[in-house]
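Trainee: The structure under discussion is supplied below as structure tokens; questions concerning it will follow.
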Amino acid sequence: MGFLKNLKEGLFKSSSNISESVSNIFLKSKPNEKILEEIEDFMIQCDFGIDVASKFKLILANKKFSEEELKKENFYNIFSEEVTKILQPLEKKIVNTGPDFKTIIVCGVNGTGKTTTIGKLSKLFKNHNKKVVIGAADTFRAAAIDQLKVWCDKNNTEMIQSEVGADPASVAFKTLEYAKNNNKDLCIIDTAGRLQNKKNLMEEFAKIVRVLKKIDPDAPQETWIVLDATTGQNAIAQIEEFQKITPLTGIVMTKLDGTAKGGILVALADRFKIPIVAIGVGEKEEDLNQFIASEYSQALIK
């Protein structure tokens, strides 16, 4: 229950916004049709997206509530149930208990908290007795390498790096080679986040994947995108661009504590059906944890 408490506190802005909006909708008596329109509008404003809002409106309409029955309490019950239905099939375990080796490429635009997320993920893996090596393949920013080194030192995790400006693919190659030769369980590759330079980013990603396959034809087993919840609907464009580079197998959503529009995760789940690995609701290590749909739905409702 520790993380649920953190989650509720982290989603305070979102849950307060939802609570206030719903209370205003049901404050005065009005026809059901008007209530449904206002519910759809508020869900769009909270970043659930047009598709989810329209589906939700249709679900409520099909319930054929009388004006006496369509109350706030009924809305909350259905809201929690439907959000969980969308999210639950996409729960993805951060740590598998099996012995299978994995290479994980972590991508995302600058500013999403990608490097910090890798540090927190490595801590979670270490807590499950996984032997991890990190590849600092964001070689364009000295700060990214230095920040990753701080996390690795803190977690007692090995890191492979080169000088600033080195070929990112060569760092990825050396990291996977080291992981294989030293019986590691996980090889995690940090990458540069430069969505604004799409051509170079695509070429760089393609090269990283190519060189990894020279060592392990199945690599990368996972490609996880780190998204900043405060960017809202812009997260859709980020996924679309990275999907052009390589199939995404997981989402890590950060900074959910910094937005009053917590619906974006639901919008992404409904649209892309990409598994959700973890969510972050703060700066501390314990503020990033396994995504659990029912807990997220519960925390969204104040």
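Nothing in this text is a laboratory measurement; each read-out follows from the coordinates by a stated rule. Quick caveat, the model's predicted, so the values are computed rather than measured. Cβ placement follows ideal geometry from the backbone for every residue including glycine, while neighbour counts extend to all protein chains displayed.
Trainee: Just to confirm the number: angle between the C-alpha axis of helix 114-127 and the first principal axis of the chain, 0 to 90 degrees, nearest 10?
Mentor: Relative to the chain, helix 114-127 is tipped by roughly 80 degrees.
Trainee: Pick out, from ALA229, PHE291, THR246, the residue whose Cα sits farthest towards the positive end of the charge dipole of region 188-302, with +1 on the Cβ of Lys and Arg and -1 on the Cβ of Asp and Glu.
Mentor: Result: THR246, furthest along the dipole toward the positive end.
Trainee: Which one, CYS46, ASN183, VAL150, is farthest towards the positive end of the dipole of the chain when Lys and Arg carry +1 and Asp and Glu -1 on their Cβ?
Mentor: Value computed over the given set: ASN183.
Trainee: Please name whichever of ILE94, ASN62, GLY263 sits farthest to the positive end of the charge dipole of the chain, dipole taken about the Cα centre and charges placed at Cβ: Lys and Arg +1, Asp and Glu -1.
Mentor: The listed residue farthest towards the positive side: ILE94.
Trainee: For LYS8, which aspartates and glutamates qualify as cross-link partners when the Cα separation must be under 17 Å and same-chain residues fewer than eight apart are set aside?
Mentor: List returned: GLU20, ASP257, GLU283, GLU285, GLU286, ASP287, GLU295.
Trainee: When the chain is modelled as a GNM with alpha-carbon springs shorter than 10 Å, which of LYS57, LYS284, LYS174 fluctuates the most?
Mentor: LYS284
Trainee: Measure out, as a whole number of angstrom, how far apart the alpha-carbon centroids of region 265-302 and region 139-198 sit.
Mentor: Measuring centre to centre over Cα atoms gives 26 Å.
Trainee: Still on this structure, please answer the following. Helix 234-245 sits at what angle to the longest principal axis of the chain, using alpha carbons and giving 0 to 90 degrees rounded to 10?
Mentor: Rounded to the nearest ten degrees, it is 40.
Trainee: Then there's this: Test of understanding: what is the full-extension gain from GLU20 to ILE50, defined as 0.36 nm times their sequence separation minus their Cα-Cα distance?
Mentor: In short, 8.8 nm is gained.
Trainee: As an exercise, use a Förster radius of 30 Å and the Cβ-Cβ distance of LYS126 and LYS199 to find the FRET efficiency, rounded to the nearest 0.05. Each step should come with its number before you reach the end.
Mentor: On the way: r = 37 Å, r/R0 = 1.23.
My answer for the efficiency is 0.20.
Trainee: For the chain, with a Gaussian network of springs between Cα atoms less than 10 Å apart, report the residue from LEU288, LEU11, LEU58 with the top mean-square fluctuation.
Mentor: Residue with maximal mean-square fluctuation among LEU288, LEU11, LEU58: LEU58.
Trainee: Nearest 500 deg cm²/dmol is fine: what mean residue ellipticity at 222 nm does the chain get from its DSSP H runs of n ≥ 4 alone, each adding -39,500 (n - 2.57), divided by its residue count?
Mentor: So the calculated ellipticity at 222 nm is -16500 deg cm²/dmol.
Trainee: Shifting gears a bit: If you plug each phi of region 134-146 into the Karplus form 6.51 cos²θ - 1.76 cosθ + 1.60 with θ = phi - 60°, what whole-Hz ³J(HN,Hα) values come out, in order, with x for Gly and Pro?
Mentor: Once rounded to whole Hz, the list reads 10, x, 7, 8, 8, 8, 7, 10, 4, 5, 5, 5, 5.
Trainee: Sort region 229-302 into rounded, prolate or oblate with this rule: let a ≥ b ≥ c be the square roots of the eigenvalues of the Cα gyration tensor; rounded if a/c is under 1.5, and if a/c is not under 1.5, prolate when a/b is larger than b/c, oblate otherwise.
Mentor: Since a/c reaches 1.5 and a/b is larger than b/c, the shape of region 229-302 is classed as prolate.
Trainee: Students often get this wrong, so check it: of LYS5/LYS93; LYS149/LYS207; LYS57/LYS102; LYS5/LYS261; LYS55/LYS102; LYS5/LYS273, which have C-alpha atoms separated by over 30 Å?
Mentor: The answer is LYS57/LYS102; LYS55/LYS102.
Trainee: Express the Stokes-Einstein translational diffusion coefficient of the chain in µm² s⁻¹, to the nearest whole number, given a Kirkwood radius over alpha-carbon pairs, 25 °C and a viscosity of 0.890 mPa s.
Mentor: 121
Trainee: Within region 161-176, list the residues whose amide N lies under 15 Å from a label point set 7 Å along Cα→Cβ of GLN221.
Mentor: Output list for this probe position: 176.
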